[in-house]
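The values are calculated or read from the model by the stated rules, or taken from the named source; none is laboratory data. What you see is a predicted model, and the numbers here were worked out from it, not measured in a lab. Cβ coordinates were reconstructed from backbone atoms using ideal geometry, including for glycine residues, and neighbour counts include every protein chain displayed.
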Amino acid sequence: MSHPYVLLSAAVSLDGYLDDTGPDRLLLSSPADFDRVDEVRASVDAILVGAGTIRADNPRLLVNSPERRAARVAAGKPEYPLKVTVSGSGDLDPDAKFWHTGGDKVVYTTDKGAERARAAGLAADVVSLGADLDWPGLLADLWARGVRRLMVEGGGKIHTQLLQQGLADELQLVLAPLFVGDATAPRLFGPGAYQGGRLRLVESRQIEDVVLMRYEPTAPGAPAADRHWLRLACDLAALCPPSRTAFSVGAVVVAADGTELARGHSREGGDPVVHAEEAALAKIDAGDPRLASATVYSSLEPCAQRASRPAPCARLILDAGVRRVVTAWREPDTFVEGADGSGLLAAAGVSVVVLPEFEEQAKRPNLPLLG
């Protein structure tokens, strides 16, 4: 299923708390950071908070800057992003500010929760996800509504679930210079099994007296990490020298812990016939033990036949011992009729994953060949 890009946004104290237990919300961000959050809100298609956040903070979740709202309208977008909440019980206050400000709203809930939410007369589209809350189903429904970037602003339970299910593409964490120290106060992350490997720090920036840190997951197998690496492979395809007789393809080989082992692209280094997977694998020692649990990300499925070299890329992947491949696009009949690299790999026991939401990006540098 296709999913939006999921961006988790949170501010925490030095000891990891989202709030204290006082009657008023604890302001952790600085004024400049609140403006940064407003800028991020203006850049997304939807903003999501859990029902607990609506009860505790009664947020409006608006884009406050008139200039940013005007820019959205000028770009053909609604003035405000879609507002989304999640409630298993459907127990939501119809008088909360959430329902009476901004643009359209959606409530995702369960079958039982939907009955309760509809009976409350909420000013929102109420969507049941079945007997239980289903995050992949929720994200797929948002994609179908045209949501390509989703900002999740809490609370901690929501952030925890998305991270543990490997569905978060980015974490924007603001660290505030204070302590809460109350064991009963809400924390950002709860216990449980999280995705493996280290997250990659992509930005660290001081904003007045707080620090913004942006992280991306990298360990293959988590949906968000797979999207991260396949997006990079598609970006590499755009670097290929043009050709009238071969596709432009990018590839990345990633170890199980999220370490990038190598990358490559078609016709790299002046070799007019080298393929992306071939170029990447050639940079790794054949005896590297990490290959057995690595993933190859390729913007186009690895070739099963080729005239330019003795071994097609699917065979090179098998010979390297790699057991998992993620790709965006099945090879068309442009040069090889009935090409089926994925079938060759699958028949040998390799797990092949296709992420069709990247097909358009993978095809873009090949449009002259596709007519």
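A few points about this structure:
- Of everything listed in (1) surrounded by fewer than 20 Cβ atoms within 10 Å (Cβ to Cβ); (2) in contact with a Gly (Cβ under 9 Å, 6 or more places away or on another chain), the single unmet condition for GLU331 is (1).
- The stretch 83-121, residues that are surrounded by 13 or more Cβ atoms within 10 Å (Cβ to Cβ), of a type in the set (A, V, I, L, M, F, W, C) and out of contact with any Asp or Glu (no Cβ under 9 Å at 6 or more places or on another chain): VAL84, VAL86, LEU92, ALA96, PHE98, ALA114
- Counted residues, the stretch 235-265 - those being within 16 Å of LEU369 (Cα to Cα), in contact with a Gly (Cβ under 8 Å, 6 or more places away or on another chain) and surrounded by 19 or more Cβ atoms within 10 Å (Cβ to Cβ): 2
- Of the residues making up the stretch 8-63, those that are of a type in the set (S, T, N, Q) and closer than 16 Å to VAL152 by Cα are SER9, SER43, THR53, ASN58.
- Residue within the stretch 74-81 that is of a type in the set (Asp, Glu), out of contact with any strand residue (DSSP E or B) (no Cβ under 6 Å at 6 or more places or on another chain), part of a loop (DSSP other than H, G, I, E, B) and within 30 Å of ASP35 (Cα to Cα) present: yes
- Selection of first residues in the stretch 275-300 that are within 12 Å of VAL322 (Cβ to Cβ) and of second residues that are at pLDDT 95 or above and loosely packed, with under 15 Cβ neighbours inside 10 Å, restricted to Cβ pairs under 9 Å at least 6 apart or on distinct chains, gives the following pairs, ordered by first then second residue: LEU281/ASP319; ALA286/ASP319; LEU291/ASP285; THR295/SER351.
- Boolean, GLY196 is modelled with pLDDT under 95, in the same structural domain as TYR17 (by TED's automatic domain parsing) and touching a helix residue (DSSP H, G or I) at 6+ places or on another chain (Cβ under 6 Å): no
- Residue, surrounded by the most Cβ atoms within 10 Å (Cβ to Cβ), within the stretch 1-31, restricted to residues that are in a loop (DSSP other than H, G, I, E, B) and of a type in the set (A, V, I, L, M, F, W, C): LEU18
- When CYS234, CYS240 are checked against the criterion of being over 24 Å from TRP135 (Cβ atoms) and in a loop (DSSP other than H, G, I, E, B), a single residue qualifies: CYS240.
- Boolean, SER30 is of a type in the set (Ser, Thr, Tyr), under 21 Å from LYS105 (Cα atoms) and in contact (Cβ under 8 Å) with a residue 40 or more places away in the chain: no
- Matching entry among GLY155, GLY166 (being surrounded by 15 or more Cβ atoms within 10 Å (Cβ to Cβ), among the small types (Gly, Ala, Ser) and closer than 15 Å to SER87 by Cβ): GLY155
- Elements of type helices (runs of 4 or more DSSP H) contained in the stretch 285-371, each with 2 or more residues being of a type outside the set (Ser, Thr, Tyr) and either modelled with pLDDT of 95 or more or in contact with a strand residue (DSSP E or B) (Cβ under 8 Å, 6 or more places away or on another chain) (or both): 313-320, 341-347, 359-363
- Scanning the stretch 55-103 for residues that are charged (D, E, K, R) and over 23 Å from the mean Cα position of the chain (by Cα) yields ARG55, ASP57, ARG60, GLU67, ARG68, ARG69, GLU79, ASP91, ASP93, ASP95, LYS97.
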